[in-house]
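**Student:** A single structure is presented below for examination.
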Amino acid sequence: MNKLQGAWARWLLPFMFAAVGHASAAEEYSFDASEFDKRPFELGGYLQLKQENFALNRNGTFYKLGNAGQPQRDSLDRTTGTLELVGKLRPGIGTFDFHTHSDAWNDQLAHGQNNKMFEAAYSARPDPGVTIEAGKRTLRWGKGYAWNPIGFVERPKDPNDPDLAREGLVMADADLILNKDGPLQTIAFTPVLMPVSNDVNSGFGVPGYVNPAAKLYLLYRDTDIDFAWQGKGSRAARFGADFSRNMSSNFEIHGEWARIQQFAKPVVDSVGNVATVTGNATSYLLGLRYLTESDTTYIAEYYRNGTGYSDREFRDFYQFADSALQQFQKSGSGKLLQKATTLSEGSYSRPNLGTDYLYFRAQQKDALGIVYFQAAVTAIMNVQDRSYQVTPELLYTGVKNFDLRARLYLLQGGAGTEFGEKSNSRKLELYARYYF
């Protein structure tokens, strides 16, 4: 039994025993009106222990660039402890809420820790239809599950875990809501100002701009519609729209469309020449969600990323990286290698940076007849090069305030493909999370 199989045995057996032991232990529901009273201070969060085993892809470009001149490995084990705190403080008419994220990790090569404030904002509601706030906030624009082309003023989702909490951005924003009778039931307007400097929102783009943005929401004949805009500033100007509609009680369709004006993209050719290609880019997404009578949820999306790299552009980068590695091995010169490594850690490192993707997820509630036990499988495919990732997972929530989760990432693709050149070919992820 290899290390990967051994990890499965050590974790999945207690996982399954816990599920079976609590299958019939559904808690009785009780109602306490005091639980809904707004308290002056609230604090919650979770503690998590995660164990990961990576099967490293020593033939992959990203592994070679990250480990050139270093001892080669076939696997890596990493342990990570995470603490997230979520709180609310209600001084007077306003509310101050915060969300912190801290983690510490250790593997055979290195260790470290991170402490971040995901959100910290003060909001006031002078009128039931008016909310004004300022601080660090995570906005969630768009109707897509795995991707959001109109998420102009937020950090991108991780398609492998779209529900994962994300770090926000410092901004001032407001919500102005008007409810009406008739086909147009709700109108909501959200203006945003987001400054960027060397110390504030520095990763968003060029410093020295305030970056106005806005979103108009309409609920028209039971269809959710958004129109979004971001002005030219730290990033190129962009605008777009989305929609979501329930065709029936168990079938929903959604879509997004975004246009980015004069988007600048660095591109490297096969010999290492880097050029900036500038032009208008269009991104869009179409998706559906379907719930069966047996509580199986299906989610499917097609994503066209107008700002991504084509299959040919990816291959040019891989060919240049291969040439840089060969030069380093033959002569010891690291000039080209450093250039390739910088590109691999910058513009070519973002997840799902191709142009065409298919996303599919099937999720079964109470799998195998076990209450609180959920099984799911997720697949992401790069349509152009036919490489893909499949992720089966198990989740058990039958113990109060406690989650057990297991996921196995399986990456498949040939040489010169997105998933075939990743630094690992498999990853087993197991975590236990306690909520308080």
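**Student:** Return the only residue of 387, 347 being among the polar types (S, T, N, Q), in contact with a Phe, Trp or Tyr (Cβ under 6 Å, 6 or more places away or on another chain) and either touching a residue at least 12 places away in the same chain (Cβ under 8 Å) or surrounded by 15 or more Cβ atoms within 10 Å (Cβ to Cβ) (or both).
**Tutor:** 387
Yes or no, residue by residue, for (1) more than 26 Å from the chain's Cα centre (by Cα); (2) part of a strand (DSSP E or B):
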{"site": "286", "(1), (2)": "no, yes"}
{"site": "289", "(1), (2)": "no, yes"}
{"site": "302", "(1), (2)": "no, yes"}
{"site": "313", "(1), (2)": "no, no"}
{"site": "321", "(1), (2)": "yes, no"}
{"site": "357", "(1), (2)": "no, yes"}
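**Student:** Mind listing whichever residues of the stretch 56-73 are polar (S, T, N, Q) and closer than 12 Å to residue 325 by Cβ?
**Tutor:** Correct list: 59, 61, 67.
**Student:** Identify, from the list 153, 170, the residue that is at pLDDT 95 or above, of a type in the set (A, V, I, L, M, F, W, C), within 22 Å of residue 240 (Cα to Cα) and over 14 Å from the mean Cα position of the chain (by Cα).
**Tutor:** 153
**Student:** For residue 277, are the conditions met, namely being assigned to a strand (DSSP E or B), within 27 Å of residue 318 (Cα to Cα) and touching a residue at least 12 places away in the same chain (Cβ under 8 Å)?
**Tutor:** Considered against the rule, which asks whether it is assigned to a strand (DSSP E or B), within 27 Å of residue 318 (Cα to Cα) and touching a residue at least 12 places away in the same chain (Cβ under 8 Å), residue 277 comes out as yes.
**Student:** Run down 292, 282, 297 and say which single residue is within 15 Å of residue 265 (Cα to Cα) and among the β-branched types (Val, Ile, Thr).
**Tutor:** Matching residue, one of 292, 282, 297: 282.
**Student:** Looking at (1) buried (at least 17 other Cβ atoms within 10 Å of the Cβ); (2) in contact (Cβ under 8 Å) with a residue 40 or more places away in the chain, which one does residue 367 not meet, given that it meets all the others?
**Tutor:** Of (1) buried (at least 17 other Cβ atoms within 10 Å of the Cβ); (2) in contact (Cβ under 8 Å) with a residue 40 or more places away in the chain, only one is false for residue 367: (2).
**Student:** Let me ask something additional. Residues that are touching a Ser or Thr at 6+ places or on another chain (Cβ under 8 Å) and closer than 30 Å to residue 316 by Cβ: find the strands (runs of 3 or more DSSP E) completely inside the stretch 364-436 holding 1 or more of those.
**Tutor:** Because the criterion is at least 1 residues that are touching a Ser or Thr at 6+ places or on another chain (Cβ under 8 Å) and closer than 30 Å to residue 316 by Cβ, the strands (runs of 3 or more DSSP E) in the stretch 364-436 that meet it are 373-382, 388-399, 402-412.
The values are calculated or read from the model by the stated rules, or taken from the named source; none is laboratory data. If you're wondering where the values come from, they're calculated on a predicted model, not measured in any experiment. Backbone-built Cβ (ideal geometry, glycine too); neighbour counts: all protein chains shown.
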